[in-house]
Each structure stands twice: as structure tokens, then as C-alpha cells.
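Novice: Please find one structure pasted underneath; my questions will follow.
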Amino acid sequence: MPREFPRHVRVAENIRRVLAEPLMRAGRDAGVGMLTITHVDLAPDLTQAKVAVSALAVSDQSALNELLRE
């Protein structure tokens with residue numbers, strides 16, 4: 001029986017799920033507003049991932065940039 005979704009889609013969803021809570025907590029602690037992971041793009045061999053983040057109600061852009069670099 002074939003799987004419903006390819007492996008890279010399942011891995012991307014797991015990365016999004018694992019990062020969502022700590023990112024939300026860190027954003028709240030840093031006072032930058034609400035952060036949401038919008039997309040996870042994986043390399044074909046699954047060794048690297050690019051995570052796109054959306055921010056709402058950002059009061060301090062420099063704090064947001066510092067948070068995302070960590």
C-alpha cells in the first residue's frame with residue numbers, strides 16, 4: 001500500500017511542527033508579536049531546510065531579526 005504523501009512532505013511537516021512552539025514562545029518573550037511558520041523548503045537529499053516565517057504586529061524589527069538569527 002503506497003504512502004499518501006512523499007517523504008519530503010512528511011519531513012517538512014514534522015520540521016514545521018517541531019519549530020512552531022519554541023518559535024512562538026521565543027517571539028512572545030522577545031516582544032516581537034505573533035510568529036508563524038509559513039513554509040518549509042527541503043533540499044532533495046533532506047540535509048538542509050529553509051524555513052519561512054511570517055510576523056504580525058512587529059514593534060521592534062531589530063529584535064525580530066536577532067531572534068530569527070538564533
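Novice: Do we have any residue at all in the stretch 34-43 that's at pLDDT below 85 and among the acidic types (Asp, Glu)?
Specialist: Residues of the stretch 34-43 at pLDDT below 85: 34-35.
If we keep only those that are among the acidic types (Asp, Glu) as well, we get none.
Checked the stretch 34-43: no residue is at pLDDT below 85 and among the acidic types (Asp, Glu).
Novice: Among what's in the stretch 45-67 and is open to solvent by 80 Å² or more (accessible area, probe 1.4 Å) and aliphatic (A, V, I, L, M), pick the residue that is farthest from His8 (Cα to Cα).
Specialist: Restricting to residues being open to solvent by 80 Å² or more (accessible area, probe 1.4 Å) and aliphatic (A, V, I, L, M), the top hit is Ala57.
Novice: Still on this structure: Find the residue count for the stretch 1-23, including only residues that are open to solvent by less than 60 Å² (accessible area, probe 1.4 Å) and within 22 Å of Ala63 (Cα to Cα).
Specialist: Here the count works out to 2.
Novice: In addition: Being open to solvent by less than 60 Å² (accessible area, probe 1.4 Å), aliphatic (A, V, I, L, M) and part of a strand (DSSP E or B) is the filter here; which residues of the stretch 24-44 pass it?
Specialist: If the condition is that a residue be open to solvent by less than 60 Å² (accessible area, probe 1.4 Å), aliphatic (A, V, I, L, M) and part of a strand (DSSP E or B), then Leu35, Ile37, Val40, Leu42 are the ones that fit.
Novice: Moving on to the next point. Pairs only if they're at least six apart or on different chains, beta carbon under 6 angstrom, first in the stretch 27-51 and without any contact (Cβ under 8 Å) to a residue 12 or more places away in the chain, second open to solvent by 60 Å² or more (accessible area, probe 1.4 Å); list them, first residue then second.
Specialist: Once the first residue is without any contact (Cβ under 8 Å) to a residue 12 or more places away in the chain and sits in the stretch 27-51, its partners that are open to solvent by 60 Å² or more (accessible area, probe 1.4 Å) give Lys50/Asp41.
The values are calculated or read from the model by the stated rules, or taken from the named source; none is laboratory data. Model, not experiment: these values are computed from the prediction. Cβ: placed from backbone, ideal geometry, glycine included. Neighbour counts: every protein chain shown. These area figures cover heavy atoms from the full protein model, side chains too; ligands, DNA and RNA do not enter into them. Shrake-Rupley method; radii C 1.70, N 1.55, O 1.52, S 1.80 Å.
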